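**Student:** Structure in C-alpha cells, see below.
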Amino acid sequence: MKSNLFYSFLFLLFLSACGNNENDRSDSTTSTESDVDAARNFIRTALDGRYDKLDQMVVPDSANLALIEVAHMTYQSRMSPEDKRGYRESSINIHNVQTVNDSVTIVTYSNSYKKTQNELKVLQRANTWLVDFKHSFPADTTAAQ
C-alpha cells in the first residue's frame with residue numbers, strides 16, 4: 001500500500017511539471033548540444049505528451065524508465081482534458097542552472113500552467129546530455145520502514 005502511495009505521489013510531482021498530448025510543437029527540438037537544451041527538450045516533450053520519446057532522453061536505467069512509464073499510465077487514466085490542454089499550451093520557465101561539474105547540471109524550472117518549481121538533473125554521457133529523471137523525486141523512505 002505504501003509503495004502505491006509513493007508512486008502516486010511521484011506521478012503527481014511529475015505532472016506538476018509535465019502533461020501529455022500527441023501533437024508536436026513547432027518550438028520543440030531534439031538537439032541536446034548542451035545541458036540546458038537537454039532539460040528543455042525533456043520538459044517540452046513531456047508537456048506535449050510525447051512519453052514515447054522520453055525514454056530516449058533519460059539515463060537508461062530501470063528507475064528512470066519505470067518513472068516515465070508510471071507517469072504515462074497515470075496520465076492516460078487520471079488527467080483531465082483541461083489539464084492536458086493546460087500543460088500542452090504552457091511555456092517553460094528556467095529559474096536556475098547550477099553547474100555541479102563539467103558533466104552534471106541541475107536545472108530548476110517550472111511551467112506557466114502549474115508554476116511549481118522542480119529540478120532536473122542532467123548528466124553528460126558519451127558526449128550526450130541525458131536527464132537523470134529519478135533525481136526529481138524524493139527517495140522512497142517507506143521501503144525502510
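The values are calculated or read from the model by the stated rules, or taken from the named source; none is laboratory data. All figures in this text were calculated on a predicted structure; none of them were measured in a lab. Quick reminder, even Gly has a Cβ in these numbers, built from the backbone with ideal geometry, and neighbours come from all protein chains shown. Side chains are part of the model used for accessible areas, which takes the heavy atoms of the whole protein and leaves out ligands, DNA and RNA. Shrake-Rupley method; radii C 1.70, N 1.55, O 1.52, S 1.80 Å.
**Student:** Round to the nearest 0.05 the FRET efficiency obtained for S91 and S34 when R0 = 22 Å and r is the Cβ-Cβ distance.
**Tutor:** E between S91 and S34, to the nearest 0.05, is 0.70.
**Student:** Same structure, new question: Between L65 and V100, what FRET efficiency follows from the Cβ-Cβ distance if R0 is 22 Å, with the result rounded to 0.05?
**Tutor:** So, using R0 = 22 Å, E works out to roughly 0.40.
**Student:** Continuing with this model, one more query. What shape does segment 34-127 take by its C-alpha gyration tensor, where a ≥ b ≥ c are the square roots of the eigenvalues and a/c under 1.5 counts as rounded, a/b above b/c as prolate, and the rest as oblate?
**Tutor:** Since a/c reaches 1.5 but b/c is at least a/b, the shape of segment 34-127 is classed as oblate.
**Student:** Next question. Could you derive backbone 3J(HN,Hα) for segment 58-75 from the dihedral phi with the Karplus parameters 6.51, -1.76 and 1.60 (θ = phi - 60°), listing whole Hz in sequence and x where the residue is Gly or Pro?
**Tutor:** Result, rounded to whole Hz: 10, 4, x, 10, 4, 5, 4, 5, 5, 5, 5, 5, 4, 4, 5, 5, 5, 4.
**Student:** Let me ask something else about it. Might you work out the accessible area of H95 for me, using a 1.4 Å probe with all protein chains in place, and round it to the nearest 10 Å²?
**Tutor:** Ignoring ligands and nucleic acids, H95 comes out at about 90 Å².
**Student:** While we're here: Please give every one of the lysines within straight-line cross-link reach of K84, meaning a C-alpha to C-alpha distance under 21 Å, and leave out same-chain neighbours fewer than 8 residues apart.
**Tutor:** Cross-link targets: K53, K114, K115.
**Student:** Further question on the same structure: Provide the per-residue ³J(HN,Hα) series for segment 83-92, in order, calculated from phi with Karplus coefficients 6.51, -1.76, 1.60 and θ = phi - 60°, each as a whole number of Hz, with x at glycine and proline positions.
**Tutor:** 5, 4, 5, x, 5, 4, 8, 7, 10, 9
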